[in-house]
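Asker: Attaching a single structure in structure tokens format; questions to follow.
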Ligand SMILES: Nc1ncnc2c1ncn2[C@@H]1O[C@H](COP(=O)(O)OP(=O)(O)OP(=O)(O)O)[C@@H](O)[C@H]1O
Ligand SMILES: [Mg+2]
């Protein structure tokens, strides 16, 4: 059976609260109560109520102020306000401020329950809509790979395209951008999924040892080689070998690897018989390989062999749209089934960090916040980010940015439009506009003139 719906009753009059609470409980609901707006806001932070019923007029903060505060915390929770008989004005104000409904005191029992029923329905509808929206966005994931930005979608598309063939792949990107996840996805959505995926970290193993790890060795090939051993290339037969940190591979091994890639067979250390292998090689590096090439630390011919299909993962700060889905994903990954969430304010903080360590840093931060947070909800104070002021930038309407992206606006074009919009907002008052824009008035004037010149040149060019 579904859990009973929960309602928070807010009124400074204790008798009224008691009456409402028992009315709700008789109606099969669970109810909590608060005697002031501050107490109510505290409870709302802790509990996700299905609805709130509140008096409008209370000493200190009133119900309208509470509406404002609540919208910030839980925009989906419907609020029903109660007004004293005859103060229809405040009822109108309440509706304008975003109350779901109101009724006047004294009220009938059924009136309250019916209003609540409608509120629950609406809330269920909104939850469902959000779920559907999310489901549509669920190109947010491809295997274990999360992302909604155009950059990540391009990577999904590329993986889909090449997962079925054997061409070698080179994945580049800063540390923590998800190179290994991309490599695994490439293997596990492809035709080789039932065969081994073998990751090798080229920096973790000393060069001499790495050679025999990769290619194997015969008995007696070197001191300690008491038995012959198959190499990882052979182990990966039919599957994928993931050579991580390839940029750190030494020159000797580079040429041996090149030979294997050219000939399609491996020669175990100390042996003279070649074994033919069918292996897809996916290599990854966080180094600027082109620079390594120019400076002669990485063989050009090997680079071209590996770089048949290049996949570059941009740093997280250049695809901030992936932060929310990644944060949610890491939350689910580490919260062990609990109903944890990230408050909108906290998400805002996450959106504005630099993320030098990319997704890995984000994951660590979420994991730590989960461990330290005393609530079910991660809040800004649970996030130890240094650049806090910067983090408190208000969130922009997603639609604004989306439409800028859709029209491929240049930074300059976006700036010009924003300047125009602010000028309109200030009714053409340039002093005020300059203040909002954070530029001085002369710059604003100059921008205006420049734009006109620009327009004229534009016209001439086309006439
Ligand atoms: N797009 C993504 N979707 C899901 N998880 C991701 C994504 N990007 C990174 N991660 C997670 O972030 C962590 C770091 O990713 P990964 O190890 O693949 O990074 P990397 O690029 O290989 O880093 P390094 O260069 O330091 O080895 C992992 O726990 C991984 O699961
Ligand atoms: Mg890695």
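Asker: Can you name the residue in region 188-201 that is outside any strand (DSSP E or B), closer than 23 Å to residue 276 by Cα and under 30 Å from the mean Cα position of the chain (by Cα) and, of all such residues, is farthest from ligand 2 (Cβ to nearest atom)? It would help to see each step written out before you state the result.
Answerer: Within region 188-201, the subset outside any strand (DSSP E or B) is 188-196.
So of that shortlist, the ones also closer than 23 Å to residue 276 by Cα come out as 190-196.
Next, only the ones that are under 30 Å from the mean Cα position of the chain (by Cα) stay: 190-193.
Details: 190: 19, 191: 24, 192: 20, 193: 20 Å.
Out of the qualifying residues, it is 191.
Asker: Of all residues in region 212-230, which are in contact with a strand residue (DSSP E or B) (Cβ under 6 Å, 6 or more places away or on another chain) and either within 16 Å of ligand 2 (Cβ to nearest atom) or more than 19 Å from residue 168 (Cα to Cα) (or both)? Break it down stepwise before answering.
Answerer: Within region 212-230, the first condition is being in contact with a strand residue (DSSP E or B) (Cβ under 6 Å, 6 or more places away or on another chain), and the residues that meet it are 212, 215-217, 221, 225, 229-230.
Residues satisfying the conditions are 212, 216, 217, 221, 225, 229, 230.
Asker: Looking at region 54-64, can you tell me whether even one residue there is within 22 Å of residue 341 (Cα to Cα) and in contact with a strand residue (DSSP E or B) (Cβ under 9 Å, 6 or more places away or on another chain)? Spell out the reasoning first.
Answerer: Filtering region 54-64 for residues within 22 Å of residue 341 (Cα to Cα) gives none.
There is no residue in region 54-64 that is within 22 Å of residue 341 (Cα to Cα) and in contact with a strand residue (DSSP E or B) (Cβ under 9 Å, 6 or more places away or on another chain).
Asker: State yes or no: is residue 185 within 16 Å of ligand 1 (Cβ to nearest atom), touching a residue at least 60 places away in the same chain (Cβ under 8 Å) and within 26 Å of the chain's Cα centre (by Cα)?
Answerer: Values: within 16 Å of ligand 1 (Cβ to nearest atom): yes; touching a residue at least 60 places away in the same chain (Cβ under 8 Å): no; within 26 Å of the chain's Cα centre (by Cα): yes.
It is false that residue 185 is within 16 Å of ligand 1 (Cβ to nearest atom), touching a residue at least 60 places away in the same chain (Cβ under 8 Å) and within 26 Å of the chain's Cα centre (by Cα).
Asker: With the requirement that a residue be part of a helix (DSSP H, G or I) and either touching a strand residue (DSSP E or B) at 6+ places or on another chain (Cβ under 6 Å) or away from ligand 1 (no atom under 14 Å from the Cβ) (or both), what does region 159-182 give you?
Answerer: Initial filter on region 159-182 (part of a helix (DSSP H, G or I)): 159-162, 179-182.
160, 161, 162, 179, 181, 182 - these are the residues of region 159-182 that are part of a helix (DSSP H, G or I) and either touching a strand residue (DSSP E or B) at 6+ places or on another chain (Cβ under 6 Å) or away from ligand 1 (no atom under 14 Å from the Cβ) (or both).
Asker: Kindly check whether there is at least one residue in region 450-457 that is at pLDDT 80 or above, surrounded by 12 or more Cβ atoms within 10 Å (Cβ to Cβ), at negative phi and not assigned by TED's automatic domain parsing to the domain that holds residue 148.
Answerer: no
Asker: Residue 130: over 30 Å from residue 232 (Cα atoms), more than 10 Å from ligand 1 (Cβ to nearest atom) and either surrounded by 17 or more Cβ atoms within 10 Å (Cβ to Cβ) or at pLDDT below 90 (or both), yes or no?
Answerer: Numbers: over 30 Å from residue 232 (Cα atoms): yes; more than 10 Å from ligand 1 (Cβ to nearest atom): yes; either surrounded by 17 or more Cβ atoms within 10 Å (Cβ to Cβ) or at pLDDT below 90 (or both): yes.
Answer is yes for this residue.
Asker: Output the residue which, of all residues in region 326-355 that are over 21 Å from residue 76 (Cβ atoms) and touching a strand residue (DSSP E or B) at 6+ places or on another chain (Cβ under 8 Å), is surrounded by the fewest Cβ atoms within 10 Å (Cβ to Cβ).
Answerer: Ranking the candidates gives 329 first.
Asker: May I ask you to list the residues in region 59-103 that are more than 38 Å from the chain's Cα centre (by Cα), modelled with pLDDT of 85 or more and closer than 23 Å to residue 113 by Cβ?
Answerer: Of the residues in region 59-103, the ones more than 38 Å from the chain's Cα centre (by Cα) are 59-60, 82-92, 103.
The next check asks that each one be modelled with pLDDT of 85 or more; those that pass are 59-60, 82.
82, the sole residue that qualifies.
Asker: For residue 246, state whether it is surrounded by 15 or more Cβ atoms within 10 Å (Cβ to Cβ), modelled with pLDDT of 95 or more and under 22 Å from residue 161 (Cβ atoms). Reasoning before the result, please.
Answerer: On the way: surrounded by 15 or more Cβ atoms within 10 Å (Cβ to Cβ): yes; modelled with pLDDT of 95 or more: yes; under 22 Å from residue 161 (Cβ atoms): no.
Answer is no for this residue.
Asker: Can you confirm whether region 288-310 contains a residue that is in a loop (DSSP other than H, G, I, E, B), surrounded by 18 or more Cβ atoms within 10 Å (Cβ to Cβ), outside the structural domain of residue 381 (by TED's automatic domain parsing) and within 16 Å of ligand 2 (Cβ to nearest atom)?
Answerer: No; the residues of region 288-310 include none that is in a loop (DSSP other than H, G, I, E, B), surrounded by 18 or more Cβ atoms within 10 Å (Cβ to Cβ), outside the structural domain of residue 381 (by TED's automatic domain parsing) and within 16 Å of ligand 2 (Cβ to nearest atom).
Asker: Condition first: at pLDDT 85 or above and assigned by TED's automatic domain parsing to the domain that holds residue 352. Now tell me which residues in region 378-422 satisfy that.
Answerer: Of everything in region 378-422, those that are at pLDDT 85 or above and assigned by TED's automatic domain parsing to the domain that holds residue 352 turn out to be 378, 379, 380, 381, 382, 383.
Asker: Scan 81, 23 and give me the residue that is in a strand (DSSP E or B) and touching a helix residue (DSSP H, G or I) at 6+ places or on another chain (Cβ under 7 Å). Spell out the reasoning first.
Answerer: Working: 23 fails: in a strand (DSSP E or B).
Answer to the selection: 81.
The values are calculated or read from the model by the stated rules, or taken from the named source; none is laboratory data. Quick caveat, the model's predicted, so the values are computed rather than measured. Glycine gets a Cβ as well: all are built from the backbone with ideal geometry, and neighbour counts include every protein chain shown.
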